[in-house]
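Participant: For reference, the structure I am asking about is given below.
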Amino acid sequence: MKHLIPAALKAAALLVLAALPAAAFDGPTQTVTDATGRSVEIPADPARVFAAGPPAATLLYALKPQAMLGWVRAPKQADLPYLLPLTQALPELGRLTGKGDTLNLEVLLAARPDLIVDYGTVNATYRDLAERVQDQAQLPYVLIDGSLDAMPASIRAMAGVLGVAERGEALAAYAEDSFAKADALLATVPAAQRPKVYLARGPEGLETAGRGSINAEIIERMGAVNVAQSEGKGLLTVSAEQVQAWAPDVIITIDRDFAASVGNMPEWQGIPAVAQGRVYLAPSRPFGFIDSPPSVNRLIGLKWLAQKLYPAQAKGDLAAEVAGFYALFYGVTLDDAAVSALLGD
Amino acid sequence: MLAAGLALALLAGVMIGPFPMAPGQILRVLAGQGGEAQAATVLWNIRLPRVLAAALVGAALAGAGAAYQTVFRNPLVSPDILGVSAGAGFGAVLGILLGLPVLAIQALGFGMGLAVVALVLGLTLALRAGGQVLALVLCGIAIGALAGAGVSLVKLLADPDDQLPAITFWLMGSLAGIKRIDVALALPAILAGLLPLLLLRWRIGHLALPEDEARSLGVDTGRLRLLVILAATLVTAAAVSISGVIGWVGLMVPHMARLVTGPRFDRLLPATLLLGAGFLVLVDTAARSVALTEVPLGILTAVIGAPVFLALLLRRARGWAE
């Protein structure tokens, strides 16, 4: 009896160990440390990668579209001309992180991924989520820091994970160059000439994102003053009266309906941005220029913002910049007509 | 006294707001004596419609609450007992999901709120329980839960970057986006519902009596109850369709009014209307003034309403118990 219990425990332990797949990759593997400090063993050249949320999907698309298993949200019809053909028909698999999982783990496993990547907020919740999914699905799960300032480093990190270091270097260099150009431009604009900006969302334009929110981050990065202050980081509602009181010089919107109707809405009249025609609709295809998702797509948003916020100081040909960015990051060649359709001029 | 209170609340609502204006300037603009164009835009297009909408919605929700409480002979009833808020919420979020224009979203909310109550009434008739309070309430709970499930489904299907925040804000209730046209469209429906309630308020009071007593007074309880339910539903659906879901007003304000007037419906209803209007105008003034960004009304009314309601319970509000 005395010997029986340890023996039974030993047998049980052996059984459990045998049930664990011992890094079930056929080819060579590498071990990476992700943004949460977790050490994860992954295939050296993962061919089937699942992106956990929209920001990761956009980064994965830019770095290694041939490894995509699906979209978090399927692209809309109007997005398709701006996407590589091989990704256009990929299925919508749902999201794994953030508010409300819409992905069934069995669906995920049925897609036979080698690797799950996420690109976004790094905190205890997401670290724990990565651990849990990794345990439950027995798939390596790598989380990369999604903050704007860390973007060049994060692109390199993700490229290393995906086994496309060279392509990652090209994109990261572009990101570094974009930030450097933004800083150089800002150095020529005194603080007094920086516009007050209101970010309008929703058909009424009354949803916004405050300072420090990831949804409005690049407005501050481009040196403008976001008029909306808030303690929280999420979206907020305001009234037209509050916008009148803020008197923004520029309104950036991501809502087509609002951009079309703001000129006729009596409660928006008299606001400097409306009076001077400085209401700009951010392009959104295939990915938004301001956010949606907050990923590498914001790099071209920085250049677009520079032209809209500082028309006197910003130099360069925006159409050529856009065509160059879409060729490098999205792998699509846009002719002049496609660029003007995108920019809406 | 209550009317004076409402007048003061309206004055506060017109005077206070995030756009800085001196009282003299406001009065000049209101009197049509010129003033700044910007101030005129803010007052005529933003602040006045909003204060008016707050008064209308507050009166509508509170009045409907008092009517429902009397008809169901239950002080815990609020205007959404038959699922009208849940239905209107479902209609509106469906409109947001479909990307409809704002007026169409409001119309869908209004229509769906009415449709849910029509369904509840139809169901109780089909169950041969027409007019029976318990059957009505149970059907209301069931259909309301269905509409709630519909809201959850729409949230799941909505674009998380764009539509989901709009849906969330709508469900928390706000008057931030009110325009003149919204007030103009909701006003007839609200008046059409409140007018019969006001005109018949003596008779409606008899509905609070036990069934046979009311009948012996010559009241056709079944038909009158149906009429009150229809009128109160119309009023609630119209209010919710422009303001989003605002809880507590319909439950709490009638109780506050009862402290002033006692339980008789003919006195209770006018007091409830005035008190509800003034209450929501004040709460909405706070909603746009306490922070730089809007505080959703549903949150404020709950934060104010729950403690007040509990205090009333603790005082064993003599208003209701005979």
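The values are calculated or read from the model by the stated rules, or taken from the named source; none is laboratory data. Just so you know, these numbers come straight off a predicted model, no measurement behind them. Here the Cβ positions follow ideal geometry from the backbone for every residue, glycine too, while neighbour counts run over all protein chains shown.
Participant: Which of the residues spanning the range B:4-18 are over 19 Å from the mean Cα position of the chain (by Cα), among the small types (Gly, Ala, Ser) and in a helix (DSSP H, G or I)?
Facilitator: B:Ala4, B:Gly5, B:Ala7, B:Ala12
Participant: Residues that are over 27 Å from B:Ala158 (Cβ atoms): which helices (runs of 4 or more DSSP H) entirely in the range A:238-345 hold 2 or more of them?
Facilitator: Correct list: A:240-246, A:272-275, A:298-309, A:318-325, A:336-343.
Participant: Here is a check on your reading of the model: is A:Thr208 more than 20 Å from the chain's Cα centre (by Cα) and among the polar types (S, T, N, Q)?
Facilitator: For A:Thr208, the condition - more than 20 Å from the chain's Cα centre (by Cα) and among the polar types (S, T, N, Q) - is not met.
Participant: In this structure, does A:Asn123 turn out to be within 14 Å of another protein chain (Cβ to nearest Cβ), out of contact with any Asp or Glu (no Cβ under 9 Å at 6 or more places or on another chain) and without any contact (Cβ under 8 Å) to a residue 12 or more places away in the chain?
Facilitator: For A:Asn123, the condition - within 14 Å of another protein chain (Cβ to nearest Cβ), out of contact with any Asp or Glu (no Cβ under 9 Å at 6 or more places or on another chain) and without any contact (Cβ under 8 Å) to a residue 12 or more places away in the chain - is not met.
Participant: What helices (runs of 4 or more DSSP H) lie completely within the range B:106-202 and have 2 or more residues being more than 14 Å from chain A (Cβ to nearest Cβ)?
Facilitator: B:133-157, B:180-199
Participant: Exactly one condition in (1) within 14 Å of chain B (Cβ to nearest Cβ); (2) of a type in the set (Ser, Thr, Tyr); (3) touching a residue at least 60 places away in the same chain (Cβ under 8 Å) is false for A:Ser230; which is it?
Facilitator: Answer for A:Ser230: the failing condition is (3).
Let's see how each residue does on (1) part of a helix (DSSP H, G or I); (2) of a type in the set (Lys, Arg); (3) in contact (Cβ under 8 Å) with a residue 60 or more places away in the chain; (4) within 24 Å of A:Arg278 (Cα to Cα):
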{"residue": "A:Ile155", "(1), (2), (3), (4)": "yes, no, yes, no"}
{"residue": "A:Met158", "(1), (2), (3), (4)": "yes, no, yes, no"}
{"residue": "A:Glu169", "(1), (2), (3), (4)": "yes, no, no, no"}
{"residue": "A:Ala175", "(1), (2), (3), (4)": "yes, no, yes, no"}
{"residue": "A:Tyr198", "(1), (2), (3), (4)": "no, no, yes, yes"}
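Conditions (1) away from every other protein chain (no Cβ under 14 Å); (2) within 23 Å of the chain's Cα centre (by Cα); (3) of a type in the set (Lys, Arg), marked per residue:
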site: A:Lys196; (1), (2), (3): no, no, yes
site: A:Ile219; (1), (2), (3): yes, yes, no
site: A:Val225; (1), (2), (3): no, yes, no
site: A:Val243; (1), (2), (3): no, no, no
site: A:Phe258; (1), (2), (3): no, no, no
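Participant: Which one of these does B:Leu310 not meet: (1) in contact with a Leu (Cβ under 7 Å, 6 or more places away or on another chain); (2) part of a helix (DSSP H, G or I)?
Facilitator: All conditions pass for B:Leu310, except number (1).
Participant: Let me ask another. Can you confirm whether the range B:218-234 contains a residue that is within 14 Å of B:Gly276 (Cβ to Cβ) and touching a residue at least 24 places away in the same chain (Cβ under 8 Å)?
Facilitator: Yes.
Participant: Continuing with the same structure: For residues that are of a type outside the set (Lys, Arg) and either in contact with a helix residue (DSSP H, G or I) (Cβ under 6 Å, 6 or more places away or on another chain) or surrounded by 20 or more Cβ atoms within 10 Å (Cβ to Cβ) (or both), scanning just the range A:83-98, find the one that is farthest from the other protein chains (Cβ to nearest Cβ).
Facilitator: The selected residue is A:Leu84.
Participant: Just checking, how many residues over the range A:209-241 are in contact with a Ser or Thr (Cβ under 7 Å, 6 or more places away or on another chain) and farther than 22 Å from A:Arg298 by Cα?
Facilitator: 3
Participant: Any idea which of B:Ala286, B:Ala237 is surrounded by fewer than 20 Cβ atoms within 10 Å (Cβ to Cβ) and among the aliphatic types (A, V, I, L, M)?
Facilitator: B:Ala286
Participant: Turning to a different aspect of this structure: Taking the residues in the range B:19-39 that are assigned to a loop (DSSP other than H, G, I, E, B) and modelled with pLDDT of 80 or more as candidates, determine which candidate is nearest to the other protein chains (Cβ to nearest Cβ).
Facilitator: Among those that are assigned to a loop (DSSP other than H, G, I, E, B) and modelled with pLDDT of 80 or more, it is B:Phe19.
Participant: OK, next. What are the residues in the range A:245-254 that are at the interface with chain B (Cβ under 8 Å from one of its Cβ atoms) and surrounded by fewer than 21 Cβ atoms within 10 Å (Cβ to Cβ), if any?
Facilitator: The initial filter retains those residues of the range A:245-254 that are at the interface with chain B (Cβ under 8 Å from one of its Cβ atoms), namely A:245, A:254.
Matches in the range A:245-254: A:Ala245 only.
Participant: Return the only residue of B:Ala302, B:Ala311 being within 23 Å of B:Val84 (Cβ to Cβ), out of contact with any strand residue (DSSP E or B) (no Cβ under 6 Å at 6 or more places or on another chain), small (Gly, Ala, Ser) and surrounded by fewer than 22 Cβ atoms within 10 Å (Cβ to Cβ).
Facilitator: Numbers: B:Ala311 fails: within 23 Å of B:Val84 (Cβ to Cβ).
Checking each option against the conditions leaves just B:Ala302.
Participant: Hey, among A:Glu131, A:Glu207, which residue is among the charged types (D, E, K, R) and within 14 Å of chain B (Cβ to nearest Cβ)?
Facilitator: The conditions single out A:Glu207.
Participant: Follow-up. Scan the range B:236-245 and give yes if some residue there is within 12 Å of the chain's Cα centre (by Cα), more than 14 Å from every other protein chain (Cβ to nearest Cβ) and outside any helix (DSSP H, G or I), otherwise no.
Facilitator: Looking for residues that are within 12 Å of the chain's Cα centre (by Cα), more than 14 Å from every other protein chain (Cβ to nearest Cβ) and outside any helix (DSSP H, G or I), one finds at least one in the range B:236-245, hence yes.
Participant: Turning to a different aspect of this structure: Going residue by residue through the range B:213-227, is there one that turns out to be more than 14 Å from chain A (Cβ to nearest Cβ) and of a type in the set (Asp, Glu)?
Facilitator: Yes, the range B:213-227 contains a residue that is more than 14 Å from chain A (Cβ to nearest Cβ) and of a type in the set (Asp, Glu).
Participant: Given the options B:Val77, B:Val93, name the one that is assigned to a helix (DSSP H, G or I), within 20 Å of the chain's Cα centre (by Cα) and either more than 20 Å from B:Ala135 (Cα to Cα) or β-branched (Val, Ile, Thr) (or both). Step through it out loud before you land on a result.
Facilitator: Numbers: B:Val77 fails: assigned to a helix (DSSP H, G or I).
After ruling out the rest, the residue left standing is B:Val93.
Participant: Then there is this: Can you find even one residue in the range B:53-69 that is free of Cβ contacts under 8 Å to residues at least 40 places away in the same chain, within 14 Å of chain A (Cβ to nearest Cβ) and either over 19 Å from B:Leu191 (Cα atoms) or assigned to a helix (DSSP H, G or I) (or both)?
Facilitator: No, the conditions are met nowhere in the range B:53-69.
Participant: Mind telling me which of the residues A:Leu60, A:Leu139 ends up being in a loop (DSSP other than H, G, I, E, B) and in contact with a strand residue (DSSP E or B) (Cβ under 6 Å, 6 or more places away or on another chain)?
Facilitator: Working: A:Leu60 fails: in a loop (DSSP other than H, G, I, E, B).
Exactly one of A:Leu60, A:Leu139 is in a loop (DSSP other than H, G, I, E, B) and in contact with a strand residue (DSSP E or B) (Cβ under 6 Å, 6 or more places away or on another chain), namely A:Leu139.
Participant: Mind counting the residues in the range A:233-257 that are over 27 Å from B:Val51 (Cα atoms), among the charged types (D, E, K, R) and at pLDDT below 95?
Facilitator: Of the residues in that region, 3 qualify.
Participant: Which condition number in (1) over 21 Å from B:Ala86 (Cα atoms); (2) assigned to a helix (DSSP H, G or I); (3) modelled with pLDDT under 90 is the one that B:Arg318 fails?
Facilitator: (2)
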